[in-house]
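Enquirer: Encoded as structure tokens, here's the structure I'll be asking about.
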Amino acid sequence: MKSIKDYVNLEQKFYNDVLENKDSLYGDQFDKTILHNISNIVIFATGSSSNAAYSALPFMSKTTGLPIYIEEPSIAANYLLNFNDDTLYLAITQGGHSYSIIDLVEKFEKNGKKIFTLTSDENSPAYKVSDHVLSMGMPVEEMPYVSAGYSVAILDLMLISMKIGNILGNLSDKVEQDFLADIKGITSKIPDVINRSDSWINENIDVFNKAKRIVWIGYGATYGVAREGETKVTETVRISSWGKELEEYMHGPYLGLHNDDVIIFIDPNGVLEDRVNRLQKFLSLYDENVYTINSVNKYHRKDLDLDVTCNELLASLYMTIPVHLLSFKLSQLKGNDLEKSAYPEFDKITASKI
């Protein structure tokens with residue numbers, strides 16, 4: 001079975017495949033007939049799929065010109081199942097086995113309402129119950145703790161949003177081509193991002209390995225990256241981890257600060273960079289383990305400079321790489337076998353995955 005690190009190393013290939021095949025993957029799924037009265041988009045997702053949606057959210061809002069909402073499928077299916085003709089509904093389940101997504105899609109289909117399901121496995125239950133499937137454009141990820149699937153889902157959502165924005169007249173052909181050129185540039189930098197991430201992790205691994213809790217702080221497109229940091233560290237390292245939005249962390253959670261926390265900012269060097277600097281200054285008074293993953297501009301020894309210059313809305317396409325690699329490295333140091341479930345009874349009892 002491939003490891004998380006193996007799949008991180010495959011991201012460049014998967015990105016290139018999706019970019020090459022985007023028109024056949026979902027190019028004919030949307031047209032003016034479907035989109036003519038759409039005023040908003042609702043995305044249903046859980047876990048890493050939800051993190052991917054939050055990572056793509058600012059870019060989707062910019063390119064479609066529409067309000068974008070992310071909802072928990074279980075809450076929606078059981079308490080908030082209201083169908084609006086002016087809403088475009090998307091459901092994400094990378095492996096296609098999420099009970100809550102399958103249940104939601106079935107309820108949509110039963111009521112004759114359209115919902116598009118983004119998934120990678122054509123043999124999965126979600127694929128079989130969905131009348132409108134969007135292929136992720138990558139093979140089924142063998143590793144139960146997804147990494148490449150999370151990243152490819154972000155790219156898929158970005159490409160879908162550009163398609164929608166262009167059809168609605170909210171995104172010009174020129175701007176769409178400029179974004180595509182930026183994405184291809186990011187894709188070409190992935191091997192260097194991996195190398196820089198590996199070096200940074202190895203330099204600081206003793207501190208990371210002793211951590212009782214890792215706190216990830218992001219904003220904009222990297223809020224979803226911070227959420228993914230919480231998810232992956234919790235799943236694979238099996239220690240406490242938080243993933244917070246910058247301002248959210250300032251409004252209460254900072255009071256739970258411990259001086260042995262490892263705090264990692266994920267800063268795309270965007271519009272809130274000054275707010276990051278202020279919070280870093282405060283936290284450094286009480287905690288010596290404050291780090292930053294930057295797109296550019298290495299401030300001091302502890303920082304990771306990924307050396308990628310692009311629109312901050314695209315940062316989630318590459319800034320999760322060090323997050324996934326750190327989670328993998330720490331899981332190996334802890335002796336956690338990621339090919340085996342830590343609690344094999346869980347799915348048997350809960351049927352969380354079908």
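Enquirer: Compute the FRET efficiency between Asn21 and Leu80 as 1/(1 + (r/R0)^6), taking r as their Cβ-Cβ distance and R0 = 25 Å, and round to the nearest 0.05.
Expert: My answer for the efficiency is 0.10.
Enquirer: Pairs Lys210/Lys281; Lys189/Lys244; Lys210/Lys232; Lys5/Lys244: which exceed 20 Å Cα-Cα?
Expert: Lys210/Lys281; Lys189/Lys244; Lys5/Lys244
Enquirer: A further question follows. Quick check: net charge around Tyr54, other residues with Cβ under 14 Å of its Cβ, Lys/Arg +1 and Asp/Glu -1?
Expert: -4
Enquirer: Given a 1.4 angstrom probe, what's the average accessible area per residue across region 215-354, in square angstrom?
Expert: Using a 1.4 Å probe on heavy atoms only, each residue of region 215-354 averages 45 Å².
Enquirer: Moving on to the next point. Which value, in debye to the nearest 20, describes the size of the charge dipole of region 130-213 about its Cα centre when Lys and Arg Cβ atoms bear +1, Asp and Glu Cβ atoms bear -1, and nothing else is charged?
Expert: Dipole of region 130-213, to the nearest 20 debye: 300 debye.
Enquirer: Hey, another quick one. What net charge do the residues around His258 carry, taking every other residue with its C-beta under 9 Å from that of His258, with Lys and Arg at +1 and Asp and Glu at -1?
Expert: -1
Enquirer: May I pose another question? Provide the gained length on full extension for the span Lys13 to Glu106, in nm with one decimal, where the gain is 0.36 nm per separating residue minus the Cα-Cα distance.
Expert: Fully extending the segment from Lys13 to Glu106 adds 30.1 nm.
Enquirer: Here's a follow-up. Once you have the alpha carbon radius of gyration of region 106-263, what is it after dividing by 2.2 N^0.38 Å, with N set to its residue count?
Expert: With N residues counted in region 106-263, Rg over 2.2 N^0.38 Å equals 1.29.
Enquirer: With axes computed from alpha carbons, what is the tilt in degrees of helix 321-333 against the longest principal axis of the chain, rounded to the nearest 10 within 0 to 90?
Expert: Approximately 60 degrees, to the nearest 10.
Enquirer: Now, a different point. Add -39500 (n - 2.57) for each DSSP H run of 4 or more in the chain, then divide by its residues: what number comes out at 222 nm, to the nearest 500 deg cm²/dmol?
Expert: -14500 deg cm²/dmol
Enquirer: Moving to a separate point now. Could you size up the charge dipole of region 189-289 around its Cα centre, putting +1 on the beta carbon of Lys and Arg and -1 on that of Asp and Glu, and report it in debye to the nearest 20?
Expert: That gives region 189-289 a dipole magnitude of about 140 debye.
Enquirer: Under a straight-distance cross-link criterion of Cα-Cα below 27 Å, which lysines are reachable from Lys113, leaving out those fewer than 8 residues away in the same chain?
Expert: Cα-Cα hits under 27 Å: Lys22, Lys32, Lys62, Lys128, Lys163, Lys353.
Enquirer: Using Cα springs under 10 Å in a Gaussian network model of the chain, which residue among Phe116, Phe282, Phe328 shows the largest mean-square fluctuation?
Expert: Phe282
Enquirer: Determine the share of region 4-89's accessible area contributed by carbon and sulfur atoms, expressed in whole percent, with a 1.4 angstrom probe.
Expert: 45
Enquirer: Let me ask something additional. Roughly to the nearest percent, how much of the accessible area of region 149-229 is carbon and sulfur, given a 1.4 Å probe?
Expert: 45
Enquirer: Next question. Might you tell me the accessible area per residue for region 45-158, computed with a 1.4 Å probe and given in Å²?
Expert: 37
Enquirer: Let me ask something else about it. Based only on the alpha carbon positions, what is the Kirkwood hydrodynamic radius of region 206-354, in angstrom?
Expert: Kirkwood hydrodynamic radius for region 206-354: 16.0 Å.
Enquirer: A further question follows. Using a cut-off of 13 Å between beta-carbons, work out the net charge of the residues near Lys189 (Lys and Arg +1, Asp and Glu -1, Lys189 not included).
Expert: Charge balance near Lys189 sits at -3.
Enquirer: Once the piece of chain linking Ile354 and Lys2 is laid out straight, how much longer is it, given 0.36 nm per residue of separation minus the C-alpha distance between them?
Expert: Extending this stretch completely gives an extra 124.5 nm.
Enquirer: Using all C-alpha to C-alpha distances in region 15-113, build P(r) with 5 Å bins and read off the rounded percent in each one.
Expert: 2, 11, 19, 23, 24, 15, 4, 1, 0
The values are calculated or read from the model by the stated rules, or taken from the named source; none is laboratory data. Remember, predicted model here, so these are calculated numbers, not experimental data. In this analysis, Cβ positions are derived from the backbone assuming ideal geometry, glycine residues included, and neighbour counts consider all displayed protein chains. Note: accessible area is taken over every heavy atom of the protein model, side chains too, but ligands, DNA and RNA are not part of it. Shrake-Rupley method; radii C 1.70, N 1.55, O 1.52, S 1.80 Å.
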